[in-house]
1. At R0 = 30 Å, how high is the FRET efficiency between ALA237 and ALA259 if r is their beta carbon distance? Nearest 0.05 is fine.
2. I'd like to compare 611-622, 147-158: which one has the highest average count of other Cβ atoms within 10 Å, and what's the full order after that?
3. Once you have all Cα-Cα distances for the range 271-379, histogram them in 10 Å bins from zero and send the whole-percent values.
4. Please give the contour-minus-distance gain from ASN212 to ALA313: 0.36 nm per residue of separation, less the Cα-Cα distance, rounded to one decimal in nm.
5. If packing is taken as the average number of other Cβ atoms within 10 Å across a peptide's residues, how do 487-495, 367-375 rank, most packed first?
6. Tell me the label-point distance for the pair ASP303, GLN520, using the 7 Å Cα-to-Cβ offset, in nm and rounded to one decimal.
7. Are any of the pairs LYS294/LYS494; LYS435/LYS578; LYS294/LYS358; LYS31/LYS63; LYS320/LYS435 more than 19 Å apart by Cα-Cα distance, and if so, which?
8. What's the extension gain from LYS150 to SER588 if we count 0.36 nm per residue and subtract their Cα-Cα distance?
Amino acid sequence: MSESDAKWACEYCTYENYPSSIKCTMCRGPKPFVSEDIYRLHGSDDKLTSNAAGPCDNKSKRKWLCEACTFTNPSREQMCQQCGASQAVSANNLHEHIQPLKISSQHSDLAQSLSRSRNNSPPTITNLENSRRTQGKWICVLCTYENWPKTKKCAMCGAVSSHRPQASSLILPSPDRDNESEKNRTSPNILESAQTPNNLENERKARHLRRNADWNWLNACIGVIEGDPNPVEAYLASGGNPARTLTASEVAILNRSSAFDVGHTLVHLAIRFQREDLLAVLLSQIEGSGSGVKRVPSYVAPDLAADIRRHFAASLRQRKGNFPCNFVTDFPTFALPAEVEELPGTVQEQLFNELLDKDAQCQLESEPAVINWSLELTVRLGSRLYALWNRSAGDCLLDSVMQATWGVFDRDNTLRRALAESLSQSGHMFYPRWKEYEASQASFLQYSLDEAQWEEDWTSLLSLASQPGTSLEQLHVFTLAHILRRPIIVYGVKYVKSFRGEALGYARFEGVYLPLLWEQSFCVRTPIALGYTRGHFSALVPLEPYSRLDTRPSTQHSNIGADQLQSTFLPLMDRDRKLLPIHFLTESELGREETILRQWLDVCETEGGILVAQQLLHKRPLLVAQMVEEWLNHYRRLIQMTSAPFARPIPIQDYLSEYDTDDE
């Protein structure tokens, strides 16, 4: 077969092409299938003429070839039946896309260009744009709709505008156009990938941070949020710093922006998520109050402590009449059990380390001593006072009052609500006495306030009483004495000092607070004792002796009940033998302090000449007795551990409490 015989003829323009060509060199038409009789074009002049006119004359016989899969589709199909690709716009089907468009006489230039396309003269984008350059519009290549120049996309079909001066690619399929289309399709992805951060690099850095992170510390942070004390105790037991702060990389590792912030410590997290039991452990570590673990009776027996708080809430009443103040119906006084002295020295030392506030005890006993300064009281009369540890989050006054009476904390804010309600509803009774007392103190310091300032200060005091976690003032102690219906004696430092030991100001809390607005017959004469150090209150409780001492000071009021165990004695003088001040006395009551004390307290005088108040210790309420017994049993078990044949060391800082729960 000769070379001319091997050529194939284009069925559109009859141009003879070499066998290796897959498209017509002249019109870029597709090569027909081999199964077709390509030599039929040379059979006769009639057939040749008919085929030359070809697809434009006979719609029923015309087919189009899919450029994606080379499948031959009927002319009526706009998409390939084999692969679903759209029919390409070429010279042979261009008239179908522009057929719906009505070309008027004024568009002669465009009509001529379209007529040239029927004569196998392919139109270009440049020609189409030049035909409309005078009008300023651009023609969509896909649907031939005329769009205004400012339009970015075709208003008819949504195709992107190709109206650019440099655009000169053919509408007909061509290798150059295919390459340009491929470049346009890939260039946005390249740009997008250049602007997108390198995820692989970020993941590599994240793995490096996780691998080198201190997971003991991070687990402690997670444990605070979830209320799990185990990781927190493990971190502290390994020597971890409770004041450590979170860094930006650690916050990124934890990946909980709603919970963790840069600069937060375990204390911040415990306050934010109200983990008060963990907060107690952390604060004890930071403040350095002896052992890092605190084990008060309410922590050892949380269920009983909750029952005690509910019982206290049920015992609150409100007085009817002109003075609607809240008051309690029970008058317990908490004291350390005498069985503590039976414990071995090591266990007893651990008990006091986990129970007492060593910092407060040291400050109150240091020179000049505020408590336990008389050997006659501490040794001979067995009236040594111990400062119990409590929370340091602003509720220390309420906690200390509850500890001095019931041995628990005011975790439910029951006492705070009673305080706020009493000041709010009985303000007309408290306000005149408070104002007169504060005015006398102000005149002593040579300054005065106008009425607006008095009202502003009073409003501030009411607001403090109603907000949990806020520090309280002298007025609140005075109000608590009315709620408890008993005197409150505060032994406090004279001056508030800085951490350098410098005096910052005069501390005015020390003194006696009496329920002066009640009738004396409505109140009890047994006081409770509180200690005040730098911005912190502590409950001061005695240790119960086994039996009464034979030598007792005589009392003016000796009403000893059958359930009374013994008495302790609280000094009404400081170590300089100066009488403690009585707060909120009116001008008519000044100068009669000792007489007033004897009216409200069982006052007696020791052989050494110390004026003291008798504190009667009655039998504990059943719930309190059970709580104290469970607390003692914990330390009794430690004795069994040390006396067993294979003795184990006493754990001191390994854990907070094996009974610790979310309730306490």
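Since every read-out is calculated from the coordinates, none of them should be taken as a lab result. Note that this is a predicted model, so its numbers are computed, not measured. Neighbour counts run over all protein chains shown; Cβ positions are idealised from the backbone, glycine included.
1. Result of the calculation: an efficiency of 0.80.
2. 611-622, 147-158
3. Taking every Cα pair in the range 271-379, the percentages come to 11, 26, 33, 23, 6, 0.
4. Extending this stretch completely gives an extra 31.2 nm.
5. Output ranking for 487-495, 367-375: 487-495, 367-375.
6. If labels sit at ASP303 and GLN520, their model points lie 4.7 nm apart.
7. From LYS294/LYS494; LYS435/LYS578; LYS294/LYS358; LYS31/LYS63; LYS320/LYS435, over 19 Å: LYS294/LYS494; LYS435/LYS578; LYS320/LYS435.
8. Result for the pair: 148.3 nm of gain on full extension.
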